[in-house]
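The values are calculated or read from the model by the stated rules, or taken from the named source; none is laboratory data. Worth saying up front: this structure is predicted, and the values here are computed from it rather than measured. Heads up, the Cβs are rebuilt from the backbone with ideal geometry, glycines too, and the neighbour counts pull from every protein chain shown. The protein model used for the area step is the full one, side chains on, heavy atoms only, and it has no ligands, DNA or RNA in it. Shrake-Rupley method; radii C 1.70, N 1.55, O 1.52, S 1.80 Å.
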Amino acid sequence: MRRKVFMIISVFMCLILKLQAQDMLIRNADEFFKKQQYNRAIELYKKAYDKNPKSYYVIKRLALSYQRIR
């Protein structure tokens, strides 16, 4: 029983850490976007997209970054 609880907690913690890492990528990308450093923002949005390709926010910000460097 203890082993099952430990495994469940371990999996839950891994998921939380993964989500926090992605959130940090997006926040950092947003900071570069605000500073009009679009090339750097694109790099980070791409990494966030690789982790979650269904994120509408990341796709939208990636598109806006590309649009603004032209």
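Candidates are the residues of the range 29-56 that are within 12 Å of ILE69 (Cβ to Cβ) and outside any helix (DSSP H, G or I); the one that is most open to solvent (accessible area, probe 1.4 Å) is GLN36. Being among the polar types (S, T, N, Q), open to solvent by less than 100 Å² (accessible area, probe 1.4 Å) and modelled with pLDDT under 95 is not true of SER65.
Quick one: which residue in ILE26, ILE59 is surrounded by 10 or more Cβ atoms within 10 Å (Cβ to Cβ), part of a helix (DSSP H, G or I) and either touching a Pro at 6+ places or on another chain (Cβ under 6 Å) or at pLDDT below 95 (or both)?
Working: ILE59 fails: either touching a Pro at 6+ places or on another chain (Cβ under 6 Å) or at pLDDT below 95 (or both).
The unique qualifying residue is ILE26.
Of the numbered conditions (1) at negative phi; (2) at pLDDT 90 or above, GLN36 satisfies every one except a single condition; which is it? With respect to (1) at negative phi; (2) at pLDDT 90 or above, GLN36 is out only on (1).
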